[in-house]
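Here the structure comes first, spelled out in structure tokens, and everything after it is commentary.
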Amino acid sequence: MTTIETQATAGTVPSGKRFFTLAGRYGTVAAFLALILFNVVFTPNFLSLQTLNVNLTQVATIVIVAIGMTLVIATGGIDLSVGSLMAIGGALAPMIFMGTLFPVSSMPVAVALAFVLPVVATGLLGLFNGLLVTHFAIQPIIATLVLFIAGRGIAQVMTNGNLQVFRNEGFQFIALGRVAGIPAQVILMIAIAAIAWAAIRYTVFGRQVIAVGGNEKASRLTGIPVHRVKLLVYMISGALAGVAGLIVVARNSASDANLVGLGMELDAIAAVAVGGTLLTGGRANIVGTVIGALVIQLVRYTLLANGVPDAAALIVKAALILLAVFIQQRAGKS
């Protein structure tokens with residue numbers, strides 16, 4: 001009888017295997033609770049509504065983008081273009097309600113279009129990414145690198161490289177408004193996360209996403225429209241990046257194509273990896289992604305609140321990704 005058979009017969013699991021399995025399942029929650037405890041003890045004024053508001057509003061865009069990234073990664077892909085698509089969406093919206101794109105006869109209509117058209121545009125650009133991946137069989141990291149590079153250039157050309165400064169209460173409600181005292185962007189974040197969680201858990205589309213990422217060949221043989229599923233997840237990722245771009249420019253009362261969404265790719269991938277979604281595909285942990293984004297935000301807040309330079313947060317994010325991937329690999333070994 002082999003060692004594995006003996007262990008199976010005895011109903012035991014090696015302690016190392018058990019540790020990494022538990023770490024992969026509960027490590028993100030444990031890290032989140034540990035960060036909260038550390039800040040309660042060492043960070044002044046951590047237990048205040050202002051601190052809660054700051055952290056939730058800053059994490060909202062990361063969560064929204066990371067949810068789209070979760071769907072893409074669940075199919076075995078990756079989307080490096082999300083930051084550039086945020087810049088495009090953030091550049092397009094002010095151009096609409098400020099009348100620089102076309103004449104504005106009704107401000108309410110212009111504001112409504114400023115919410116809709118940028119998201120449609122970034123969704124179509126996400127669809128372009130999907131077409132490169134599916135119909136041209138280009139590796140996702142290369143396919144999305146096209147818009148990672150060109151997308152920000154497109155945003156800069158749209159604005160002639162100029163900073164767009166504006167003040168429009170209707171448009172800025174998405175970032176500065178409140179509903180029952182809760183920031184509108186936080187409500188939007190929760191709604192998007194809830195819809196994504198329900199879609200993965202209860203819909204045919206969700207099961208197809210997991211199946212495609214788990215075994216694409218088997219999925220194709222069982223009749224799952226693999227190309228259509230991949231096109232949809234890249235389109236959703238692009239559209240959610242556009243939503244995040246609207247929130248960023250509305251919060252800042254300005255659109256800067258050079259800075260909007262800069263580095264968001266790292267934050268989104270880190271949130272997904274830390275949240276427990278396998279970077280090789282076949283799993284989509286939406287709740288884990290939300291908690292992973294909160295961990296990343298709390299790490300940054302903790303460092304800044306305790307006098308550590310912001311640049312150190314980049315090193316910590318990279319370390320978190322490496323640790324998460326290491327735990328995933330060890331937990332997956334039998």
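The values are calculated or read from the model by the stated rules, or taken from the named source; none is laboratory data. From a predicted model like this one, the values you see are computed outputs, not experimental measurements. So basically every Cβ, Gly included, is an ideal-geometry build from the backbone, and we count neighbours across all protein chains shown. Ligands, DNA and RNA are stripped out before the accessible areas are found, and what is left, the full protein with its side chains, is counted by its heavy atoms. Shrake-Rupley method; radii C 1.70, N 1.55, O 1.52, S 1.80 Å.
Taking only the C-alpha atoms of the range 185-334, Rg followed by Dmax gives 17.2, 56 Å. Angle of helix 264-274 to the longest C-alpha principal axis of the chain, folded into 0 to 90 degrees and rounded to 10: 30°. The figure for Y26 is an accessible area of roughly 130 square angstrom, using a 1.4 Å probe on the protein chains alone. With the gyration tensor restricted to C-alpha atoms of the range 83-173, the semi-axes of the equivalent ellipsoid amount to 29, 14, 10 Å, longest first. Taking the Cα centre of the chain as origin, sum charge times position over the Cβ atoms of Lys and Arg (+1) and Asp and Glu (-1), and report the length of that vector in debye to the nearest 20. Using only the charged Cβ atoms, the result is roughly 720 debye. The residue among A198, N252, G170 whose Cα reaches farthest toward the positive pole of the charge dipole of the chain, with charges on the beta-carbon of Lys, Arg, Asp and Glu, is A198. Protein heavy-atom accessible surface, 1.4 Å probe, per residue over the range 252-334: 43 Å².
If the segment from R228 to V109 were pulled out straight at 0.36 nm per residue, it would be longer than the present Cα-Cα gap by 39.6 nm.
Extension gain for V120 to V165 (0.36 nm times residue separation, less C-alpha to C-alpha distance): 13.9 nm. Indicate the gyration tensor shape class of the range 111-152 (rounded, prolate or oblate), computed on the Cα atoms with a ≥ b ≥ c the square roots of the eigenvalues: a/c under 1.5 is rounded; otherwise a/b larger than b/c is prolate and the rest oblate. Because a/c hits 1.5 or more and a/b fails to exceed b/c, the range 111-152 counts as oblate. The H on the amide N of R178, modeled in the peptide plane, is under 5 Å from the matching H of A184, each at least 5 residues off or on a different chain. The dipole here belongs to the range 230-334: it is taken about the Cα centre, uses +1 on the Cβ of Lys and Arg and -1 on the Cβ of Asp and Glu, and is about 400 debye. Residues M158, M107, ordered by accessible area of protein heavy atoms at a 1.4 angstrom probe radius and largest first, appear as M107, M158. A 1.4 Å probe, protein heavy atoms only, puts the accessible area of L266 near 60 Å². A dipole drawn for the chain from +1 and -1 charges on Cβ atoms has a positive end, and of V59, A34, Y301 the residue lying farthest that way is A34. Taking the centroid of alpha carbons for each part, the range 147-201 and the range 104-133 are 12 Å apart. Mean sequence separation of contacting Cα pairs (under 8 Å, at least six apart), scaled by the length of the range 46-149, corresponds to a relative contact order of 32 percent.
Ranking E216, E265, E169 by solvent-accessible area of protein heavy atoms (1.4 Å probe, all protein chains present), from largest to smallest, gives E169, E216, E265.
Let me test this: with uniform point scatterers at the alpha carbons of the range 252-334, what is the Debye-based log₁₀ I(q)/I(0) at q = 0.26 1/Å? Taking Cα atoms of the range 252-334 as identical point scatterers yields -1.23. Normalised by the number of residues in the chain, the mean separation of alpha-carbon contacts (under 8 Å, six or more apart) gives a relative contact order of 33 percent.
Potential lengthening of the chain between F42 and A318 amounts to 96.9 nm, from the contour at 0.36 nm per residue minus the alpha-carbon distance.
Expressed as a whole percent, the accessible surface of the chain that belongs to carbon and sulfur atoms is 69, based on a 1.4 Å probe. Between Q139 and L262, what FRET efficiency follows from the Cβ-Cβ distance if R0 is 30 Å, with the result rounded to 0.05? It comes out at approximately 0.80. A Förster radius of 41 Å, combined with the Cβ-Cβ distance separating Y26 from F205, puts the computed FRET efficiency at roughly 0.90.
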